[in-house]
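**Q** Following this message is one structure expressed as structure tokens.
The values are calculated or read from the model by the stated rules, or taken from the named source; none is laboratory data. Keep in mind that what you see is a predicted model, and the values were worked out from it rather than measured. Virtual Cβ from ideal backbone geometry, glycine too; neighbours counted across all protein chains shown.
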Amino acid sequence: MTVSLAVAIAIFFVISIRQWLPSWVRIWQVMLAGAVVLVATGRIAPLDAFKAIDWNVIGYLFGVFSIASALYDSGFPHTVSEKIAGSRASLPRALLLFVVLVSLISIVLTNDAGAVIGTPIALSLAIAYRIRPAVPLVALCVIVTVASMMSPVGNPQNILIVADGHFSNPIGTFALWLTVPTLVSLAFAYIWLLWCLNRETPEQQGNGDLPAPTRRLAWPAYLGAGLLAVLVVGDSLLQERFPALDVPLGYLSLVACLPVFVFSPHRISLFRAVDWHTLIFFVAMFVVTGAVLQSGALQSMLGSWQTRLDEPLVVTLIGFWASQLFSNVPVVEIYLNLLTSSDARTLMLLSAMSTLAGNLFIISAASNVIVVQQAEKFGATPFSFWQFTRLVIPVTIVSVAVSYAWIVWVMPG
């Protein structure tokens with residue numbers, strides 16, 4: 001085992017026992033410490049570490065976090081949660097509205113945007129319905145993960161696959177292959193999560209409140225969100241007719257967030273409110289996985305499997321289980337680099353399995369980490385590592401089985 005792989009495993013272990021560590025230890029700090037160790041010990045050179053970072057993903061997330069910060073400042077999450085709870089909606093109806101809203105955000109603006117925007121809504125609903133924050137927050141993680149699977153911009157790993165696959169119609173391709181398993185999985189997730197919420201007892205009810213929004217100028221935030229949706233969807237549609245006009249999503253996100261900083265009189269405070277800790281987590285994560293890939297440890301572990309990377313069972317096993325150790329974004333990036341040839345079925349299966357892998361451990365998807373850190377930012381106590389796993393396992397099993405069956409056995413070759 002190489003030092004790089006050992007450090008990656010150590011990061012996973014520390015995050016898994018974080019609930020027993022001092023409260024000031026954060027997930028982003030653990031990942032950053034691992035990256036620093038690898039650079040300091042020469043396991044990856046500083047220049048190689050810089051090159052390992054996917055700046056397109058970082059740029060996209062910065063834009064999304066900026067818009068999400070402005071939306072919170074405008075009172076959007078509070079308004080949404082007040083409308084859901086204030087309408088005296090029953091818990092089943094409130095959960096359904098929450099599922100639909102967060103799913104749409106994840107499909108259009110990525111699961112990370114859904115995680116950022118949805119966290120204060122989930123916390124507000126927990127307060128309104130007197131439910132522990134942990135369960136609505138886990139529900140948020142599940143929804144943004146599953147819903148994002150059917151969109152070419154639903155999550156960072158899908159963005160990487162689109163960039164590598166050169167689809168003539170990314171939206172149509174993802175919709176054709178993944179709409180059915182996504183909807184079936186969301187339906188089961190709704191039933192399971194509602195059952196979990198109904199099990200909440202009076203002794204488990206929580207109190208508290210979110211920091212009040214300043215309700216400053218709202219239209220720049222809404223303009224930024226709308227502009228991002230239009231640019232992302234428009235770019236995907238244009239690729240079919242004009243492939244040469246494809247613009248990196250990072251650039252589109254940075255353009256979309258310009259109204260927030262140009263027109264808002266409180267641009268400095270909004271800039272400070274961006275989730276910098278999660279951006280640091282992503283940067284450090286790319287450095288760690290870059291060091292692991294550079295060490296050749298994964299290639300040695302794969303052995304003869306490297307020639308079978310386009311086989312459905314191999315795609316499923318590696319795409320799902322490798323994501324538990326390295327998170328799904330770097331796993332997909334590494335997998336695409338190792339593939340010698342690929343077709344739509346292989347890429348769609350890789351997308352589905354690496355995405356659904358996020359519904360097993362906190363570290364399996366960056367959106368889970370975002371929810372944890374956003375909840376802590378608002379002063380709430382999120383779910384623990386193993387509590388998350390216990391709650392999501394049924395959804396994971398059903399969604400993986402349904403997706404595999406649909407892509408491999410139902411869809412024509």
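**Q** With respect to Ser16, determine if the residue is farther than 23 Å from Ser106 by Cβ, of a type outside the set (A, V, I, L, M, F, W, C) and surrounded by fewer than 14 Cβ atoms within 10 Å (Cβ to Cβ).
**A** No: the conditions fail for Ser16.
**Q** Just a yes or no: is a residue in the range 6-18 over 13 Å from Val288 (Cβ atoms), of a type outside the set (Val, Ile, Thr) and either in a loop (DSSP other than H, G, I, E, B) or free of Cβ contacts under 8 Å to residues at least 60 places away in the same chain (or both)?
**A** yes
**Q** Name, by its number, the condition in (1) aliphatic (A, V, I, L, M); (2) within 20 Å of the chain's Cα centre (by Cα); (3) at pLDDT below 95 that does not hold for Ala147.
**A** (3)
**Q** Going by what's in this entry, would Val108 be described as touching a residue at least 60 places away in the same chain (Cβ under 8 Å), surrounded by fewer than 22 Cβ atoms within 10 Å (Cβ to Cβ), in a helix (DSSP H, G or I) and of a type in the set (A, V, I, L, M)?
**A** So Val108 fits the description; yes.
**Q** For the structure I just gave you, tell me whether Asp164 is within 12 Å of the chain's Cα centre (by Cα), part of a helix (DSSP H, G or I) and of a type in the set (D, E, K, R).
**A** no
**Q** To continue, here is another question. Would you check if there is a residue in the range 382-391 being touching a Ser or Thr at 6+ places or on another chain (Cβ under 8 Å) and either at pLDDT 90 or above or under 20 Å from Ile161 (Cα atoms) (or both)?
**A** no
**Q** Tell me the residue from Ala126, Ala139, Ala122, Ala115 that is in contact with a helix residue (DSSP H, G or I) (Cβ under 8 Å, 6 or more places away or on another chain) and farther than 19 Å from Tyr72 by Cβ, please.
**A** Checking each option against the conditions leaves just Ala139.
**Q** Suppose we filter Phe62, Phe76, Phe50 for residues that are among the aromatic types (Phe, Trp, Tyr) and either modelled with pLDDT under 85 or loosely packed, with under 14 Cβ neighbours inside 10 Å (or both); which single one remains?
**A** Of Phe62, Phe76, Phe50, the one residue that is among the aromatic types (Phe, Trp, Tyr) and either modelled with pLDDT under 85 or loosely packed, with under 14 Cβ neighbours inside 10 Å (or both) is Phe76.
**Q** Now, a different point. For the range 27-77, which positions are of a type in the set (A, V, I, L, M), free of Cβ contacts under 8 Å to residues at least 40 places away in the same chain and not in a helix (DSSP H, G or I)?
**A** Correct list: Ala45 only.
**Q** Now, a different point. Which one is modelled with the highest pLDDT among residues in the range 175-224 that are among the charged types (D, E, K, R) and touching a helix residue (DSSP H, G or I) at 6+ places or on another chain (Cβ under 7 Å)?
**A** Result: Glu200.
**Q** If you don't mind, another one. Anything in the range 365-413 that is surrounded by fewer than 17 Cβ atoms within 10 Å (Cβ to Cβ), part of a helix (DSSP H, G or I) and polar (S, T, N, Q)? List them, or say none.
**A** Within the range 365-413, Gln387 is the sole residue that qualifies.
**Q** Kindly list, by first and then second residue, each pair from a residue in the range 180-200 that is more than 18 Å from Leu104 (Cβ to Cβ) to a residue that is of a type in the set (Lys, Arg) and not in a helix (DSSP H, G or I), limited to pairs with Cβ atoms under 9 Å and residues at least 6 apart or on different chains.
**A** These pairs meet every condition: Glu200/Arg130; Glu200/Arg132.
**Q** Of everything in the range 167-195, what is of a type in the set (Phe, Trp, Tyr) and outside any helix (DSSP H, G or I)? Give them in sequence order.
**A** Hit for the range 167-195 is Phe167, nothing else.
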